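Visitor: The structure is given below, and queries will be raised subsequently.
The values are calculated or read from the model by the stated rules, or taken from the named source; none is laboratory data. Computed from a predicted structure; not experimentally measured. Here the Cβ is made from the backbone with ideal geometry for all residues, glycine too, and neighbour counts use every protein chain on show. For the accessible areas, the whole protein counts, side chains as well, though only heavy atoms, and no ligand, DNA or RNA atoms are used. Shrake-Rupley method; radii C 1.70, N 1.55, O 1.52, S 1.80 Å.
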Amino acid sequence: MIIDNEPDLTVAGQAGDGASAVRCARAARPDVVLMDVRMPGLDGLEATRRICTDPALTGCRVLVLSMFELDEYVYEALHAGASGFLLKDARPEELLDAVRRTHRGESLFAPSILTRLVAHYVAAPRPERPPAALRGLTPREVEVLALIGNGLSNDEIAAALVISIKTVKTHITHLLAKLAARDRAQLVIAAFNAGLVRPR
């Protein structure tokens, strides 16, 4: 009801379990999938993995919804390829904003989850040398990746580096290609894994 009442959004399909969700995604080719974690049979995390690794669904992004903010769900959802993680107690306007932002390629996390996610990666040991993938980036691309990891928007990155929005988008396109990242959420993970994000 919430989604169908919006002029720019349409429900392309619905499924009651993970296996049906994968079949539905393959048939409907939606832009965004709202995925529940706990479902009968195939769970939402494995369904997310299958959708995100399906070559026919490269344009489909998954936003995971859960009643639980357990760390293992968040980390597994991210590694499965999810673009964001939202709690089911989110207000209707937050849900709609999450769908739109996920479609635009932004990563979206409930505030409490983002705080714990950052804490987890900040506490993790840092690699002694930059990862091989990072060595293929230009200095400017590394700067942009670090700012993405710190949660800055495209506008904020442009202001911080005194460059145009178009240039920021070009750098992000290059980062996605060079790091084989599906979307901005995976760039955030890459920034953390590379040690580009520091405690503040």
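Visitor: Report the calculated FRET efficiency for VAL11 and THR53 (r = Cβ-Cβ distance, R0 = 30 Å), to the nearest 0.05.
Guide: Values: r = 24 Å, r/R0 = 0.80.
Result of the calculation: an efficiency of 0.80.
Visitor: Can you bin the stretch 145-200 into rounded, prolate or oblate? Criterion: square roots of the alpha carbon gyration tensor eigenvalues sorted a ≥ b ≥ c, rounded for a/c under 1.5, prolate for a/b above b/c, oblate for the rest.
Guide: Details: a/c = 2.26, a/b = 1.15, b/c = 1.97.
Because a/c hits 1.5 or more and a/b fails to exceed b/c, the stretch 145-200 counts as oblate.
Visitor: Still on this model: Of the heavy-atom accessible surface of the stretch 131-193 (probe 1.4 angstrom), what whole percent is carbon and sulfur?
Guide: Numbers: 1810 of 2990 Å².
So the carbon and sulfur contribution to the accessible surface is 60 percent.
Visitor: At 10 °C and 1.306 mPa s, grab the translational diffusion coefficient of the stretch 3-104 from Stokes-Einstein with a Kirkwood Rh over Cα pairs, rounded to a whole number in µm² per second. Let's see the in-between values first.
Guide: Values: Rh = 13.5 Å.
Taking Rh from Cα pairs, D becomes 117 µm²/s.
Visitor: Taking the dipole about the Cα centre of the stretch 148-189, with the C-beta of Lys and Arg at +1 and of Asp and Glu at -1, give me whichever of SER164, ALA181, ASN154 is farthest to the positive side.
Guide: ALA181
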